[in-house]
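Here the structure is laid out as structure tokens; the discussion comes afterwards.
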Amino acid sequence: MDIRDFEQSVLSELNQVVEKIIQNNLTLPIPAKTRAGAEISDFLEKQFVKYTENHHCLKDSESAPPGKTKNPWDVKTFFEIGAHREEIWIDFKALKVSSVDSNPDIGTPNKIINFIQAGNFYLVYIFVY
């Protein structure tokens, strides 16, 4: 499998999991009063781990520790295909469609630089509207 096919497979699997989460949770059990983006992200993190417990290629998913708003990833998972195992960091970005100035930050560049220096490569931003 070439790199483009590999990356497309990663994105396709991530997309399928997130779409299932959204389809099965059209109304979220959160107040969304103060930091709605953070509440939505926290919900998605926990659900992603749950939905990938027995996934065929997304393995060992782990959500950020509770209260750690500066954690470099919202979810860490591993994409396995054949004998290849690749660490994937996921950062959920919730955008409020009713607000023109909804602007989720993308964190510090240091987190991705350190991640790459540790021999990894993939940080995926998943935007949820």
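The values are calculated or read from the model by the stated rules, or taken from the named source; none is laboratory data. Since we're looking at a predicted model, the values are computed, not measured. When we count neighbours, we look across all protein chains shown, and the Cβ atoms used for this are built from the backbone with ideal geometry, even at glycine. Heavy atoms of the whole protein, side chains included, go into the accessibility calculation; ligands, DNA and RNA do not. Shrake-Rupley method; radii C 1.70, N 1.55, O 1.52, S 1.80 Å.
For segment 1-83, compute the number of Lys pairs whose alpha carbons are separated by less than 18 Å, excluding pairs fewer than 8 positions apart on the same chain.
For segment 1-83, qualifying lysine pairs total 11.
Express the accessible area of segment 1-75 per residue in Å², computed with a 1.4 Å probe while the remaining protein chains stay in the model.
For segment 1-75, the solvent-accessible area averages 67 Å² per residue.
Let me check something: with ligands and nucleic acids excluded, how do Lys46, Lys93 order by accessible area (1.4 Å probe), largest to smallest?
Largest accessible area first, the residues go Lys46, Lys93.
If Lys and Arg each add +1 and Asp and Glu each add -1, what is the summed charge of the other residues whose beta carbon sits under 14 Å from the beta carbon of Pro65?
0
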